[in-house]
Each structure stands twice: as C-alpha cells, then as structure tokens.
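**Q** Can you keep this structure in mind? I'll have questions shortly.
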Amino acid sequence: MSAELLVNVTPRETRVALIENGALQEIFIERAHRRGIVGNIYKGRVCRVLPGMQAAFVDIGLERAAFLHASDIADAHARQAHDTAGAPTPVEAAPALRNEASIADLVHDGEEVLVQVIKDPLGTKGARLTTQVSIPSCYLVYMPGAGTIGVSQRIEDEDERRRLREMVRACARRVDGNGNGGAPDDDPGEDWSPEDGYIVRTAAEGCEEAVVTADMVFLRRLWESVSAHVGAVNGPGIVHEDLSLVIRTLRELSATTIERVRIDSREAHERVLDFTGRFLPEMSSHIELYTGEAPILELYAVEDEIQRSLHRRVQLKSGGHIVIDQTEAMTTIDVNTGGFVGHRNFEETIFKTNLEAAQTIARQLRLRNLGGIIIIDFIDMESDVHKRQVLRALEKALARDHTRTHISNVSPLGLVEMTRKRTRESLEHVLCDPCPTCRGRGSIKSADTVCYEIFREIMREARQFDTERLLVIASQEVIDQLVDEESAAFAELEAFIGKPITLQVENLYSREQYDVVLM
C-alpha cells in the first residue's frame, strides 16, 4: 500500500496528513501552546499517595498533577535510585512492574522520581506516568535497566525474529563492552545478559547489524545525556523533551511504505533532511519541498476531510450512513441502511451495508483518533456466516491501524465491543471547544420550557418578597414566546400575583438564560 505524508507548517501550528491510496487516513496536529507531552521525561515530586486507588499524584511542573499507578512503577531495586548529586545510579536488576505491592511501599509523599509521560492530559485528567523509561529511535526502543530483548509482534516471520533478537544481543554485548559499538575489551561470554532492555521495532525488519549498532549507540548516548541533566533540574520539571511532530511522525511511520514526504516549509524541510540523513538515510530521497501555489492540504481534499470528520454523521457510498457519538465514558457508533434499499433481499442489503460500514469505521477511528471503549451497533443480521464475515472485515481494516486495538466478542445484545489505545486527545477535542450554549450536552431547552421556568420563578419571587413590580430579562426568542403563544398564560399570572411584569430583551443571552428582577 502506497503512502504519502503532507506536512503543513505555520508559526503556531504544524499539521501532518497521512495519505494512503489517495485518501486521508490520519491527521496529526500540534500547536505551539498545546504541544503533546507523550514521551517526555520529567523529574517529579510525589504530592499525594492514594492507597485506596493504588496510585499517586506526582507534580511534574504542569498545571495539573500527573497520575502514577502502582502497576506503572518499576521494582524498587530496578528503579533509578538517585545518588547525592541527584543523577540516576546504574541499575542492577531487571525492573518487573509491581502489580501486587502497595503503592505506599513504593513511593511516599515528597519523594523525587524520574518519570515518563505515557498518556497526554485528557479533559480534566492529568497526564499518566510510568517510572519505566523508554526512548524510541527508528529501529529500537531503549529501556534502561530492563535487561530484556523483545521483537515487535508485527514482524511475524520466526526466522527473522530470531535473527533480530540474536543480532541485538550481539550489538548490546559490544556496546556494553566499550560504549561505542566496537569490539569489547573483555568479551562477557555467551551467557551474558544485557543490563538494559531493547525492543526491536517493525522498521528493523531486514536491517543490517551496523545500522542497529549505530541506533543503539545513539540511544545510549542520549540516555547518558538525560541522566546527566537530572541533577541539574531543581524541583519538578522537564528533563528530556521528545522530537518535533514531523520528525516524530517519520520515526513512527518509517516502517510503512512512504513513497514521499512533501513539506511546505523550507526550514522544516531542512530539519527533516538533517534527521533522515543521520538516522533514516534511505528516506532522504523521498523528502520534497512543496512549492505549489495551492495550499498543501488542499491536495487530496484533506481540508474538506478534516471538516467532515467533525460531523456526527458519515455517509456511506451505498446510501447508508453511520452516526458517531463521542462521550466521556465511551464512543458509540450506530450503523443505518439510510437510503440503501439493495437489489436482492433485506438480509443481503443489511450485510452489504455492514461490510461497507466496517471499512469506514476503521478509517474514521484513525482519522478522528478515537480511543478508549468503542461500541459498534451494526444492523442486526440473522446469518451467523454474515456476522463472522463482518467481524473479520473490521479486524482486517483495523490491522492497518498503527495504534493498538482489541476487539472482544459480540455482546448478547449484538453489539461489537472494542478498545483502541488512547494516548492523545481526539481530533474533535483538539479542534473544538464545548458549545457555550449547551455546554457539551448537544441540546438546549425549548423556548416553552424556559417560559414555564420563568413563570415558576415569578411565583416564587412574588410569594417571598414584597415588591411593586417585576422585570423579566431574557433572549429575544423567549420574550417573543411570552408575548405571542404564552400571552394568555402570562396575563393570567400577572393578574394572579397582582403586580405588573415588564419584559426586556437581552441580545447577549442564550435561550436558557434569564433573570427575574424585583423592582
């Protein structure tokens, strides 16, 4: 599958669009005042331990305290212990994540910890942290003190997996020998185990030993720089910041078949060329400076796709449609036949609609960056064969997703339950704010409802306070309703309380806003 990256850079915002087979699949957006912090390493201070939640809140210098769960804390012997200078000392044991120990035994109030962000702040929640630091590069993920070597599950060939594991082990032995990738001064032998851990990324499939060694040396030197910087940070603060969005995206997607990368900024183009020249030389020839007259994201109608991705309803080519609703707890997706009537029978119509919806849903999850719990309500099917085929179609479409997904069995109600790892805000949350009128509810009270609330408020005020008259201030729509359709009820109320009521329009009020003032 051919893929292309379009990069739009402005002083305050960077947007990267992933195009596959001529269609937008993913959009990454980073703004100068709201940069993502996943991957950043911080020196934090524990500010509150919650034994009941098996978690602690850690101050890392951000607006909200970050969240550290006990399962994300490495074994006490493997955590980076700080010496008198504050720099992490060498780790002797492999860090097993602690799932059974009490959080109170692992950290205490006021303790300084070296942590890494694994999930951006989402909504009102702070960032999520781990003490098991990992630093990714193009071909490897470096895990200081982990002592294990793993291979990406996307590399399925067992011979290649074995070759890569043995190659990384040999490279680690040499790097540990003298720190620069040359021959070790003292060969530790075949039963040697690496002190640090590595995960071989998908991009390393078919790589030569020299490339992996260079990656490993770079990671080790970067970690030494991070370790040296820890002592220089006084109090909670950042120790290491991840790469820019464009370079980060190239690093993460280098395993895909990216035919070319077009960048509309000369400065960003030079930075990317410098990075690929050092770490991804095979990609350098694919990097282009875009100088076309049309804005780069108007190619492949990317701007239009971004606008459509903010709508609840997504039209299917057959005439059916899906409706996507994102809530705080989960995302629900409903599939409907709409105007599609089919050509054979009702069951075949439903089956074809569901098959098309499965492809569209997988794409929309990536495009909108929807994560967490996702419930899909496909149209009910009678045939078990059709149900299995639709589920397989969904699984196949999701296989192209770079974010980890998991589909559970179909529920007794016929709903497909799945999860998609959520590490950053969805596209809607990045581009939009909650409606100031409905405050995110998606609906507002009718004018009738507001009128009746005003009537009740007038009755309450008239009974409690002695006043000569009352003033009602409301929106134009509500005042019109009181004067027209509710005029008889309004006159009866005025006669009942025995006091005149004056109406006043306030154009700045929303439909739900009103005031009853005693005069």
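**Q** Leaving out ligands, DNA and RNA but keeping every protein chain, what accessible area does His108 have, in Å² rounded to the nearest 10, with a 1.4 Å probe?
**A** Surface open to solvent at His108 totals about 110 Å².
**Q** Determine the gain in length on full extension of the stretch Thr449-Cys432; use 0.36 nm per residue of separation and subtract their C-alpha separation, reporting nm with one decimal. Don't jump to the answer; show the numbers that get you there.
**A** On the way: separation 17, 0.36 × 17 = 6.12 nm, distance 2.82 nm.
Stretched fully, the Thr449-Cys432 segment lengthens by 3.3 nm.
**Q** Just to be sure I understand: of the beta bridges DSSP finds with both ends in the chain, what percent are antiparallel, rounded to 5?
**A** 75
**Q** Let me ask something additional. Quote the relative contact order of the chain in percent (integer), defining contacts as alpha-carbon pairs under 8 Å separated by 6+ residues.
**A** Relative contact order, the chain: 12 percent.
**Q** Now a separate question. At a Förster distance of 51 Å, what's the computed FRET efficiency of Asn345 paired with Arg308, Cβ-Cβ distance as r, to 0.05?
**A** E(calc), rounded to 0.05, equals 0.95.
**Q** In whole Hz, with x marking every Gly and Pro, tabulate ³J(HN,Hα) for segment 217-226 from phi via Karplus 6.51 cos²θ - 1.76 cosθ + 1.60, θ = phi - 60°.
**A** 5, 4, 5, 5, 5, 4, 5, 4, 5, 4
**Q** PRE reach from Ala101 (point 7 Å along Cα→Cβ): which of segment 145-167 fall under 16 Å by backbone N?
**A** Within reach of a label on Ala101: 145-146.
**Q** Then there is this: What accessible area per residue comes out for the chain, rounded to a whole number of Å², with a 1.4 Å probe?
**A** Ligands and nucleic acids excluded, the result is 52 Å² per residue.
**Q** Treat each spin label as a single point 7 Å out from the Cα along the C-beta direction, and report the Ala228 to Ala23 distance in nm.
**A** Modelled inter-label distance: 5.0 nm.
**Q** Now for a separate question. Calculate one ³J(HN,Hα) per residue across segment 327-337 by plugging θ = phi - 60° into the Karplus curve 6.51 cos²θ - 1.76 cosθ + 1.60, and present them in order as whole Hz with x for glycine and proline.
**A** Those phi angles translate into 10, 5, 7, 6, 10, 10, 10, 10, 9, 9, 6 Hz.
**Q** Name the long-range amide H neighbours of Cys435: under 5 Å, sequence gap of 5 or more, or other chain; modelled H, no Pro or chain starts.
**A** Gly440
**Q** Related question: Could you tell me what percent of the accessible area of segment 400-519 is made up of carbon and sulfur, with a 1.4 Å probe and every protein chain present?
**A** Result for segment 400-519: 49 percent of the exposed heavy-atom area is carbon or sulfur.
**Q** Sort segment 345-484 into rounded, prolate or oblate with this rule: let a ≥ b ≥ c be the square roots of the eigenvalues of the Cα gyration tensor; rounded if a/c is under 1.5, and if a/c is not under 1.5, prolate when a/b is larger than b/c, oblate otherwise.
**A** Taking the square roots of the gyration eigenvalues as a ≥ b ≥ c, segment 345-484 is prolate.
**Q** Which whole-number percent is the relative contact order of segment 218-375 (Cα, under 8 Å, 6+ apart)? Each step should come with its number before you reach the end.
**A** Numbers: 131 pairs, mean separation 20.6, N = 158.
13 percent.
**Q** Taking a cut-off of 23 Å between Cα atoms, list the lysines near Lys396, but don't count ones fewer than 8 places away on the same chain.
**A** Lys317, Lys352, Lys387, Lys421
**Q** What do you reckon, how do Glu425, Glu259, Glu112 stack up by accessible area (1.4 Å probe), largest on top?
**A** Values: Glu425 35, Glu259 110, Glu112 75 Å².
Result, largest first: Glu259, Glu112, Glu425.
**Q** Please give the peptides 454-465, 431-442, 206-217 ranked by average Cβ packing (other Cβ atoms within 10 Å per residue), highest first, as a rough proxy for protection. Mind showing how you got there, number by number?
**A** On the way: 454-465: 14.3, 431-442: 11.0, 206-217: 17.2.
Averaged packing, sorted descending, gives the order 206-217, 454-465, 431-442.
The values are calculated or read from the model by the stated rules, or taken from the named source; none is laboratory data. Quantities reported herein were computed from a predicted structural model and do not represent experimental measurements. Every residue, glycine among them, receives a Cβ derived from its backbone with ideal geometry; neighbour counts consider all protein chains shown. Side chains are part of the model used for accessible areas, which takes the heavy atoms of the whole protein and leaves out ligands, DNA and RNA. Shrake-Rupley method; radii C 1.70, N 1.55, O 1.52, S 1.80 Å.
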